[in-house]
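Engineer: If you scroll down you'll find the structure; I have some questions about it.
The values are calculated or read from the model by the stated rules, or taken from the named source; none is laboratory data. These numbers come from a predicted model, not from an experiment. As a convention, Cβ positions derive from the backbone with ideal geometry for all residues, glycine included, and neighbour counts pool all protein chains shown.
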Amino acid sequence: METLIAKSEITEKTVDCVKNQVIALLKEKGYFVAESKNEVFEYLSNFSDDVKSEINEEEAQDIKVDGEKSGCWQHTISVSIKGFYVDPGSSDYIYMVDVTED
């Protein structure tokens, strides 16, 4: 699994803020980020005529960070970054970010 962003780069403490920060960090580093599967298909269709049958998905990176502290309870936030591509040897990847509180 490749490291797209370092855990130390994530400084936010709520699910929405962490997701926005991770997306912004990915974009700053030049990665393409989709909000939905439709955006993934639209982007990858630029590289393949039959993208729906050729699309591949991988867990690109998983990160756990500390969320907000509530009394003596520390919430954990899980960040999952999935990569989508047609040709694994190319650099034509697009990513989606999913963030949940454990």
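Engineer: Test each condition in (1) at pLDDT below 90; (2) touching a Lys or Arg at 6+ places or on another chain (Cβ under 9 Å); (3) surrounded by 14 or more Cβ atoms within 10 Å (Cβ to Cβ) for Val51 and report the one that comes out false.
Structural biologist: Evaluating Val51 over (1) at pLDDT below 90; (2) touching a Lys or Arg at 6+ places or on another chain (Cβ under 9 Å); (3) surrounded by 14 or more Cβ atoms within 10 Å (Cβ to Cβ) leaves (2) as the failure.
Engineer: Right, here's the next one. Cβ-Cβ below 8 Å, separation at least six or inter-chain, first residue in the stretch 1-19 and at pLDDT 95 or above and surrounded by 14 or more Cβ atoms within 10 Å (Cβ to Cβ), second in a loop (DSSP other than H, G, I, E, B) and not aromatic (Phe, Trp, Tyr): which pairs?
Structural biologist: If the second residue must be in a loop (DSSP other than H, G, I, E, B) and not aromatic (Phe, Trp, Tyr), the pairs left are Leu4/Lys29; Ile5/Lys29; Val18/Ile10; Val18/Glu12.
Here is a yes/no grid of residues against (1) of a type in the set (S, T, N, Q); (2) out of contact with any Leu (no Cβ under 6 Å at 6 or more places or on another chain); (3) surrounded by fewer than 16 Cβ atoms within 10 Å (Cβ to Cβ):
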position: Val33; (1), (2), (3): no, no, no
position: Asn38; (1), (2), (3): yes, yes, yes
position: Ser45; (1), (2), (3): yes, yes, yes
position: Glu59; (1), (2), (3): no, yes, yes
position: Cys72; (1), (2), (3): no, yes, yes
position: Pro88; (1), (2), (3): no, yes, yes
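Engineer: A follow-up question, please. Just give me the residues in the stretch 11-23 being under 13 Å from the mean Cα position of the chain (by Cα) and either polar (S, T, N, Q) or farther than 18 Å from Gly83 by Cβ (or both), in sequence order.
Structural biologist: Residues of the stretch 11-23 that are under 13 Å from the mean Cα position of the chain (by Cα), as a first pass: 18-23.
Across the stretch 11-23, the qualifying residues are Val18, Asn20, Gln21.
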